[in-house]
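Colleague: Quick one: the structure is below, and I'll ask about it shortly.
The values are calculated or read from the model by the stated rules, or taken from the named source; none is laboratory data. What you see is a predicted model; the values in this text were computed from it and never measured. Heads up, the Cβs are rebuilt from the backbone with ideal geometry, glycines too, and the neighbour counts pull from every protein chain shown. In case anyone asks, the SASA skips ligands and DNA or RNA and just uses the protein heavy atoms, side chains included. Shrake-Rupley method; radii C 1.70, N 1.55, O 1.52, S 1.80 Å.
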Amino acid sequence: ITETGAWVTPYKLDPNNANTMFAGYDNIWRNTAVKTGTAWTQISSFGGTSNITDLAIAPSNSNVMYVSRSASDRFYSTTDALAGTPTWTDLTANLPFASTPKDIEIDPTDPTHLFIAIGNDIYESTNSGTSWTNVSGTLPNISLNTIVIDQSSTVGAMYVGMDVGVYYK
């Protein structure tokens, strides 16, 4: 890979194909033979040198991916991440305010339903990032770092990692 990444460069295995991995540097890169190969293909052309902060692949559809990018406070999505040249949609103007989402979590069964950690709050979208609702509830007003949806839960359980503690909903 010919780009630099963040101090902690995000990377994810495809949840439906353990031989495919995506990594976020200044752009998104894909390796379709990660177990045996070293060939990475650049699949985005975002421009500039802002690093990818997080990327999320929908567990129910590997073609759906959401990406946040630092410095420029950008937020992107694609519905064809496995294509030769995916098409990216800039969703930045739809964010609740100008800031970089620190974490992205996608509903395990619905790729249009996602959550982001932005600022000290959690926001939910049920329409692929077109609009957002603050669902922070009674969480303390401190730095929020990560969101995990319990995929085996029958009640939509979620864990939230903050600077001081882990919270459960």
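Colleague: Within region 36-52, which residues are of a type outside the set (A, V, I, L, M), at pLDDT 95 or above and open to solvent by less than 60 Å² (accessible area, probe 1.4 Å)?
Modeller: Correct list: Ser44 only.
Colleague: A further question on this structure: Having 1 or more residues that are surrounded by 19 or more Cβ atoms within 10 Å (Cβ to Cβ) is the bar; report the strands (runs of 3 or more DSSP E) wholly within region 74-169 that clear it.
Modeller: Answer list for region 74-169: 74-78, 103-106, 114-118, 121-125, 144-149, 158-162.
Colleague: Only one of Leu13, Leu55 is open to solvent by 60 Å² or more (accessible area, probe 1.4 Å) and either of a type outside the set (D, E, K, R) or over 14 Å from the mean Cα position of the chain (by Cα) (or both). Can you tell me which?
Modeller: Leu13
Colleague: Write out, first by first residue and then by second, each pair whose Cβ atoms fall under 9 Å of each other, whose residues are 6+ apart or on separate chains, and whose first residue, in region 17-37, is touching a residue at least 60 places away in the same chain (Cβ under 8 Å) while the second is assigned to a strand (DSSP E or B) and open to solvent by 40 Å² or more (accessible area, probe 1.4 Å).
Modeller: These pairs meet every condition: Thr20/Leu13.
Colleague: Those residues that are hydroxyl-bearing (Ser, Thr, Tyr) and either open to solvent by less than 20 Å² (accessible area, probe 1.4 Å) or under 12 Å from the mean Cα position of the chain (by Cα) (or both), I need them from region 59-73; list them, please.
Modeller: Ser62, Tyr66, Ser68
Colleague: OK, next. I need every pair where a residue in region 70-83 that is under 12 Å from Ser128 (Cα atoms) and among the polar types (S, T, N, Q) has its Cβ under 9 Å from the Cβ of a residue that is open to solvent by 20 Å² or more (accessible area, probe 1.4 Å) and not in a loop (DSSP other than H, G, I, E, B), sequence separation at least 6 or different chains.
Modeller: The qualifying pairs are Ser77/Thr89; Ser77/Asp90; Thr78/Asn63; Thr78/Thr89; Thr79/Asn61; Thr79/Asn63; Thr79/Thr89.
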